[in-house]
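First up is the structure itself, then whatever we jot down about it.
Quick note: the coordinates plus some simple rules give every number you see, no bench work behind them. All of these numbers come straight from a predicted model, not from anything done at the bench. A quick note on method: Cβ atoms are made from the backbone with ideal geometry, for glycine too, and the neighbour counts reach across all protein chains shown.
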Amino acid sequence: MGRCSICLYLGPSDSRQHNARTFSLYHAQCRRTLREDNPLYEPGKCVEAFCMHKAFCTFCGKTGHLFGTQTLNATRFRINKKGVIVRKQNRAPLTTDHFMCCLMTDAAIANLMKNTESEAAAKGIDARERLVSSARLLDNVNAGGVDLDEAIRLLEHRGTIAALLSDKKRTSF
């Protein structure tokens, strides 16, 4: 995987990384609320029940966005061949101009980025630890002759998801 196109985070190569789809600040402005001269404007009236233009920001008290909602501008977004808004690969850091909330500050953006990187790093460490623990458990099961039911209980306790642990597939195994 590559660098996140929103926060520019590049995690370690041996762990899971996040991208623009899994980033916590993925909310963007409604295309139908843009001005008509904006290249990302979509004509018509929005009929989605849970659209961003109906959201209420608890920080500034205005309707139309949340605290982390990003503005749709041509420098960070584009329309793909299917007519869907996608993020451009962008190396420029986020600024207050990229967010809709008037109370978004540079310190808040830095804090959001730091929290996101910490969360991504923690998920990567946890995934690596789970992988190593599962491998050790399998080795110990084989070497020690541990009962299969006991091994399943250990895997469930550790949070490892396997086909054997799925409720739907457990009876067939």
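Less than 20 Å apart at the alpha-carbon level, and either on another chain or at least 8 residues along: which aspartates and glutamates does that give for Lys45? The qualifying aspartates and glutamates are Glu36, Asp37.
Length available on full extension from Leu34 to Arg128: 0.36 nm per residue minus the Cα-Cα distance, which gives 29.5 nm.
Neighbouring Cβ atoms within 10 Å as the yardstick, rank Phe56, Phe99, Phe50 fewest first. Before the final figure, lay out the partial values.
Details: Phe56 11, Phe99 24, Phe50 6.
Sorted ascending by nearby Cβ count, the order is Phe50, Phe56, Phe99.
Where does each of 87-94, 36-43 land if you order them by average Cβ count within 10 Å, highest first?
Details: 87-94: 12.6, 36-43: 11.0.
Packing order, densest peptide first, comes out as 87-94, 36-43.
Annotation for the stretch 41-65 versus the stretch 83-111: alpha-carbon center distance of 17 Å.
Counting every other Cβ atom within 10 Å of each residue's Cβ, Asp149, Asp106 order from fewest to most as Asp149, Asp106.
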